[in-house]
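Values in this text are rule-based calculations from the coordinates and carry no lab data. Here the structure is a predicted model, which means the values were calculated and not measured. In this analysis, Cβ positions are derived from the backbone assuming ideal geometry, glycine residues included, and neighbour counts consider all displayed protein chains.
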Amino acid sequence: MSASPSFLPLVVFTAKRMLKNASRKKLGRLREPRYMVGFLVGAAYFAMLFLRPGRAGRPPAPPGLPRHMDDILLIAGAAALAAAALLTWLFRKGQASLGLSEAEIQFLFPAPVSRRALLHYALLKAQFPVLLSAFILTIVSGSRGSGTAILTGAGLWLLLTAVHFHNLALAFTKARWNELPPAPRRAAKTAAFVVSASALGMLVVTLGAGVLAAASGPGKGAFSLGGFVFALRSGPFGPAPLALLTPFRWILAPLLAPTARAFFVALPPALGLVGVLYACVALTAGRFEEATLSQASRRAALRARREAGRLEALPSEKRRATVPFALAPRGRPEVAIVWKNLLAWKRTSLRRQAAIVATLAAALFSASAFLSTPSADVSAAFGSATCLALTAFLALITPLGFRIDLRGDLEYATLLKTWPLEAERLVLAELGAPAAVAVLYGWGGIAIALAIAAGRAVRAAFLGTVVTAPSPASFQRFEVLVPVALTMAVFLPVLVALALVVQNASVLLFPAWFPAGRKRAVGLEQTGLRMLSFFGTSLVLGLALIPAALLAGPLIFFAFRAMGFWSLPLAAVFAALPVLAEAAGGVFLLARLFERFDPARDLHS
C-alpha cells in the first residue's frame, strides 16, 4: 500500500478486505453440515422477524395510556441515559486503547501512515460492529411509527455510536488524569466525582418530584405530561435538570421519532452531538499507541493462558482471599471441583451473595410493611407475582448459559480423564456449580417475593388495616403465594438438574455440532446452532416432564377441594420423584458418554 496522508483510503481498503475475507471464510464453513443447518435456521429466524406482520407501523397505544406517549418515552429515555452516563463517570475506568488487532498493530504502526490517520482509522473501523448491532436490533425491534426500518436503524446507529465515543472519551480522559502529578490528579478526580454525584442526585430528586406531582394531578389517575414537565421546570433546582437532559434528548429523538419528518427534524442536533463526541475522543486520545500495544499484549497473554488451561487472569493480592467458600485441605474431591468451577464463574463468596439477597428481602419487607399509599396492596401483589415469574424463568434459563460444567471443561478432557475419580462422581461434581448458582438465585427470588407479601400481611395484622382492602383479603393473597412459592422451591432444583443433564449430553453426544469450551463463537450459523440446542432442550424437557404431570395432576385434582393451594407443594414433592430419577439416569448416561469421549477425535472434529 502506498503512503497516503488521508485515512479514508485505508478505511476503504480494510473494509473491502475484511468483507471479502469474512465472506470467504463463512462460505467455506457452510460446506460442513452443522454450519449449513445452523445458517439456515438462523437465516429463517431473522427472515421471520423481518417479514412478520405489522412491521410497517406501530399499533396504536391501548386506551388509558397518555396521549403524548412519545414525549414521555423521550424524557424517560433521556433520564435513563443521563443516569447511566453519570454512573460511568463515577465508577467506570474503561480501556484507554483503540480497538486494533495484533495484525493491524504489526502492519500499520510501522507503515507510512500518519498518527492522526491511524487514530481516525481506528475510530471509523469501530463503526463496522456498531452498524451490525444496529442492523440486528432493527430487525428484532422493527420500525417505529410511520418511519421506515432504515430510519430506525439510523437512529439506533446514532445512539450506539454516541455511547461508544462517550466511553472512549471517558477512558482516555481518566487515563490522562492518572498521568498527572498526585495533587492535580486528586483534584481532577475529586471534581469529577463531585460534579457527577451532584448531577445524578439532582436528576433523581427532580424526576421523583415530577413523577409524584404529575401522578397526583387533577386527572383521574392519568399521567399528565404537561404537569410532569412543569414540575421539572419548577422543581427545587429550577430548569437545570431539563438542561442536563438536552443532549440525551437530542441523541434519542431520531430513534423515537414517530414519523419520517420528525426524524429529519431531529437529525441535525444528533449528528452534531456525535461530531462533538468524535472530536473529544480525537483530542483526548493522547499516546494511544502505547495503550493499544499494552492492550494487545494483554490479549495475547490471555489467549496463551487459555490455551495452556491456566487462569484467565491472576487476581490481585486482595482478591485472592475472596473464594466461593472455605475449602478444607482434605475432603471429597467433588467439593474441590465444585469450588473450582464456582471460582471460574465469579470470584465472589456464596455467603456474601446470600447476605445480599437476605438484605434485599429485608429491605423490601420493611418497605412493604410501612408503605401506606392507596395502591400499596396492588403494587405488592403485582411485585410478588412478577418476582416469582421472573425467578422461575431466570432460574431455568440462567444455568443453560453457564458453561462452568462439562461443556467448559471438556476442552481439557485429556487432563480430566487422568483424575482418580469415577465417571459418575466427576459428572455430578461438574454439574454442581451451575446447579448451585441457579438454586441460590432461584430460592433468593422466592424469598424476596415472600418478603414483599409478608410485609403487607404483617401490616394488616399488627399495624392497622390496609388502605384499599380489608386484612382478610391480604391474608388470603399471602396464603395463595406461600404454597405456590413452596411448590417452586421444591420442584426448581430437580428441573434445573435435568436441564443441565440435557445440555451437557448434547455436547458429549454431538461434539462436532455443539463444541465444548467457555468461549462463545459468533455468527449467523452459531445463532442457528444455539437455537437448535434450545429447541432440542425444550423438547426433551417437555417429554421428560410427562411422568411428573401424570403423577401430580390427579393428586391436585382430588386434593384441591380439601387442601386448596396447599395441595401444590405436596404434588410438587411427588412430581419431583420421576424428574429426579430421570436426572440420575442422565448422570449415568453422561458418565458412559464421558468414558467413550475421545479428546483427540471429538475435540478437533
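Note on Ile150, Ile446: ascending count of other Cβ atoms within 10 Å places them as Ile150, Ile446, the fewest first.
Can you tell me which of 272-284, 329-341, 163-175 comes out highest on packing, and rank the rest after it, using the mean Cβ neighbours within 10 Å? Please list the in-between numbers first.
Numbers: 272-284: 16.3, 329-341: 14.7, 163-175: 20.9.
Result, highest mean first: 163-175, 272-284, 329-341.
Between Tyr412 and Leu371, the C-beta separation translates, for a Förster distance of 60 Å, into a calculated FRET efficiency of about 0.70. Modelled this way, with points 7 Å down the Cα-to-C-beta line, the labels at Asp598 and Phe135 are 4.1 nm from one another. Across the stretch 338-362, the residues whose backbone nitrogen lies under 18 Å from the label position 7 Å along the beta-carbon direction of Ala326 are 339-340, 348-355. How far apart, in nm, are two points set 7 Å out from the Cα along the Cα-to-Cβ line at Phe91 and at Ala362? Reported label-point gap for Phe91 and Ala362 is 2.1 nm.
Annotation: the residues Phe13, Phe491, sorted from fewest to most other C-beta atoms within 10 Å of their own C-beta, follow the order Phe13, Phe491. Cross-link pairs exceeding 31 Å between alpha carbons, from the set Lys16/Lys346; Lys174/Lys346; Lys93/Lys125; Lys20/Lys417; Lys93/Lys346; Lys346/Lys417: Lys16/Lys346; Lys20/Lys417. Computed FRET efficiency, Cβ-Cβ of Met563 and Ala336, R0 60 Å: what is it to the nearest 0.05? Efficiency, rounded to the nearest 0.05: 0.85. Along the stretch 175-186 the Karplus relation, 6.51 cos²θ - 1.76 cosθ + 1.60 evaluated at θ = phi - 60°, assigns HN-Hα couplings of 5, 5, 4, 5, 8, 6, x, x, 5, x, 5, 5 Hz to successive residues, with x for each Gly and Pro. On the beta carbon distance between Val378 and Thr398, with R0 = 30 Å, the FRET formula returns roughly 0.55.
Only counting other Cβ atoms within 10 Å, I'd like Ser533, Ser379 sorted with the fewest neighbours first.
Least crowded to most crowded, the residues run Ser379, Ser533.
Between Ala279 and Phe128, the contour length at 0.36 nm per residue exceeds the alpha carbon distance by 52.4 nm.
Fully extending the segment from Leu550 to Arg351 would add 67.8 nm, taking 0.36 nm per residue of separation and subtracting the current Cα-Cα distance.
Between Ala191 and Leu440, the distance separating the two model label sites (each 7 Å from Cα on the Cα→Cβ line) works out to 4.3 nm.
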